[in-house]
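Here is the structure we will look at.
The values are calculated or read from the model by the stated rules, or taken from the named source; none is laboratory data. All of these numbers come straight from a predicted model, not from anything done at the bench. FYI the Cβ positions are ideal-geometry reconstructions off the backbone, even for glycines, and counts take in every protein chain you see. Surface accessibility is based on the protein's heavy atoms, side chains included, excluding ligands, DNA and RNA. Shrake-Rupley method; radii C 1.70, N 1.55, O 1.52, S 1.80 Å.
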Amino acid sequence: MAGLASARELRREGHDVTVLEQNADVGGQWLYDPRSDGADDPLGAAETVKVHGSLYASLRAISARENMGFTDFHFAPKDGRDGRRFPGHREVQLYLRDFCDAFGLMEAVRLNTRVLRVAMAVAPTRKWTVRSVHEGTEEEEVFDAVVVANGHYSQPRLPSIQGMEAWRGRQMHSHSYRVPEPFRGDVVVVVGCGASGKDIAMEVRGVAKEVHLVAKSMEEVTPGLAKVLAKHSANLHLQLHVERLCEDGLVVFGGGGSGVLADTIIYCTGYNYSFPFLHTAGAVTVDDNRVGPLFEHVFPPSLAPSLSFVGIPIKVFAPRFFEAQAKWGAQVLSGRRTLPPEQEMMRSVEEYYRAREIAGVPKKYTHDVCLSETMPTYMDDFGSKYCDFPRVERWHHELVVSLFANMNNNLETFREDYQDTDSICKGVEEWHLSAQQPQAAPAAKKMSLGLS
């Protein structure tokens with residue numbers, strides 16, 4: 001999503017865009033790959049992982065499709081396709097392909113092309129040397145600017161648990177989970193109570209002997225999860241944090257030291273930002289999932305505007321917010337917008353860090369803008385300040401609030417059983433009508449720019 005949003009906005013500003021995509025089709029994480037790193041590296045501990053995709057076969061969106069589209073290319077249902085409000089991953093990938101076709105973006109995309117190295121070209125130019133490989137053949141090119149839009153749901157983030165190295169059973173990260181069948185008859189421990197952890201625990205429960213879902217604390221147990229645990233109490237159990245792993249296969253849980261002999265542990269513990277191809281001589285680093293320094297999560301002050309990042313913030317309207325980021329970046333590169341001086345951008349970043357620290361937000365949540373007191377106005381404020389981006393209509397926010405309230409109370413059924421307010425119904429109706437309006441793709445001018 002971030003890469004395609006960037007490509008379109010850059011072309012709209014007259015830049016000559018090259019998109020380097022390592023997979024055989026567009027879609028990023030929404031392109032399902034039945035392969036996994038499971039055989040050689042089930043924990044995904046190596047950087048980088050061999051398989052980019054982290055989708056499991058049954059995954060469905062947890063955001064409503066009305067909130068998932070580009071501003072002028074709605075994610076509307078199509079005849080003969082998955083028209084559900086919360087569609088499966090295949091429908092999202094097809095939508096992104098439709099977007100490419102509608103705006104002529106495929107002509108700028110090089111598929112099956114993996115980026116090996118991005119580095120500053122020889123001074124005094126502020127250009128970038130990009131080395132990539134396509135079907136075994138390496139190529140090195142020079143670009144005026146680089147936009148990094150490679151996503152952040154590929155490189156597993158693993159916990160540190162006593163005994164992990166010596167535990168005898170199968171350990172894997174959810175990055176390598178695809179289908180439940182390999183766990184038939186197993187005793188499975190699922191570590192992590194986020195969306196994927198709950199999804200996988202409920203799915204594996206259907207074939208496993210027992211599933212133990214591990215939460216950090218009881219605060220993670222929503223009414224909806226409590227209903228699921230009560231309904232499937234025969235083989236789905238809640239545990240608090242894992243205290244240690246023993247060589248004989250015992251998994252010892254906190255809150256009393258109870259344990260279970262398990263066959264498999266699936267870590268649903270999130271992902272790390274990872275840019276192994278990017279060489280900036282320390283100008284941009286990743287420290288406990290803080291990518292920085294980045295002015296407004298986009299521009300590294302010392303390398304702006306020739307290097308930028310799109311898609312770093314989480315828990316935003318995607319791809320809508322990525323559009324706003326990309327539009328700003330494209331307009332800065334074309335000269336329509338100007339950035340503050342380097343020192344001012346750096347001071348802004350430092351002030352942001354201090355504010356988060358005072359608020360008690362851990363460093364690893366630097367890019368979770370939902371934890372900011374300015375949310376939900378942050379996205380609108382960003383768009384209006386930097387690129388005259390249209391504000392999100394109120395009913396979209398109402399839909400998000402309604403969705404999460406329903407998900408918290410009805411974990412198993414929220415995707416199928418929901419009640420919209422009158423204002424949401426009116427907004428959805430108008431959204432469907434506007435989706436029927438044809439969109440035309442603008443022609444692109446030329447200026448050398450790379451997108452990885």
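Overview of values
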read-out: Amide N proximity, region 395-410 versus Ser423 label position 7 Å along Cα-to-Cβ, cut-off under 15 Å; value: 395-403
read-out: Environment charge of Arg320, counting only residues whose C-beta is closer than 15 Å and scoring Lys/Arg +1, Asp/Glu -1; value: -2
read-out: Modelled FRET efficiency - R0 22 Å, Ser302 with Arg337, Cβ distances, 0.05 increments; value: 0.70
read-out: Packing rank of 11-23, 75-87, where each peptide gets the mean count of other beta carbons within 10 Å, highest leading; value: 11-23, 75-87
read-out: Low-density loop positions, GluC sites (Glu not before Pro), region 105-177 - DSSP coil, at most 14 other Cβ in 10 Å; value: Glu135, Glu165
read-out: For the chain, share of DSSP beta bridges that run antiparallel, in % to the nearest 5; value: 45 percent
read-out: Surface per residue (accessible, 1.4 Å probe) for region 36-192, Å²; value: 45 Å²
read-out: Mean separation of Cα contacts under 8 Å, 6 or more apart, over the residue count of region 1-154: relative contact order %; value: 28 percent
read-out: Contact order relative to length of region 254-382, as percent, for alpha carbon pairs under 8 angstrom and 6 or more apart; value: 24 percent
read-out: Separation in nanometres of the label points that stand 7 Å from Cα toward Cβ, at Ala166 and Lys364; value: 2.5 nm
read-out: Met106 - accessible surface, heavy atoms, 1.4 Å probe, Å² rounded to 10; value: 50 Å²
read-out: Pair Ala57, Ala123: separation of 7 Å Cα→Cβ label points (nm); value: 5.5 nm
read-out: The chain - percent relative contact order, Cα under 8 Å, separation 6 or more; value: 24 percent
read-out: Region 316-331 - phi-based ³J(HN,Hα) in whole Hz, Karplus 6.51/-1.76/1.60, Gly and Pro as x; value: 10, 5, 10, x, 4, 5, 5, 4, 5, 4, 5, 5, 4, x, 5, 6
read-out: Estimated vicinal HN-Hα couplings, Hz - region 106-111 in sequence order (Karplus 6.51, -1.76, 1.60; Gly, Pro = x); value: 4, 5, 9, 9, 9, 7
read-out: Full-extension gain in nm, Asp287 to Thr71, via 0.36 nm per residue minus C-alpha separation; value: 74.4 nm
read-out: Label point distance in nm, Thr280-Thr413, each placed 7 Å from Cα along Cα→Cβ; value: 4.8 nm
read-out: Highest-first arrangement of 295-304, 326-335, where packing means the average Cβ count within 10 Å; value: 326-335, 295-304
read-out: Relative packing of 263-275, 280-292, which averages over residues the other C-beta atoms within 10 Å, highest first; value: 263-275, 280-292
read-out: Proximal lysines to Lys231, defined as alpha-carbon separation beneath 18 angstrom and excluding residues fewer than eight positions away on the same chain; value: Lys198, Lys209
read-out: Exceeding the 28 Å Cα-Cα cut-off - candidates Lys315/Lys426; Lys50/Lys216; Lys315/Lys385; Lys127/Lys327; Lys50/Lys327; value: Lys50/Lys216; Lys50/Lys327
read-out: Crossing angle, helix 195-204 versus the chain [Cα axis fit, 0-90 degrees, rounded to tens]; value: 40 degrees
read-out: Pairwise FRET efficiency - Lys315 versus Arg184, Cβ, R0 = 30 Å, nearest 0.05; value: 0.30
read-out: Theoretical gain in end-to-end length, His397 to Glu344 [0.36 nm per residue, Cα-Cα removed]; value: 15.8 nm
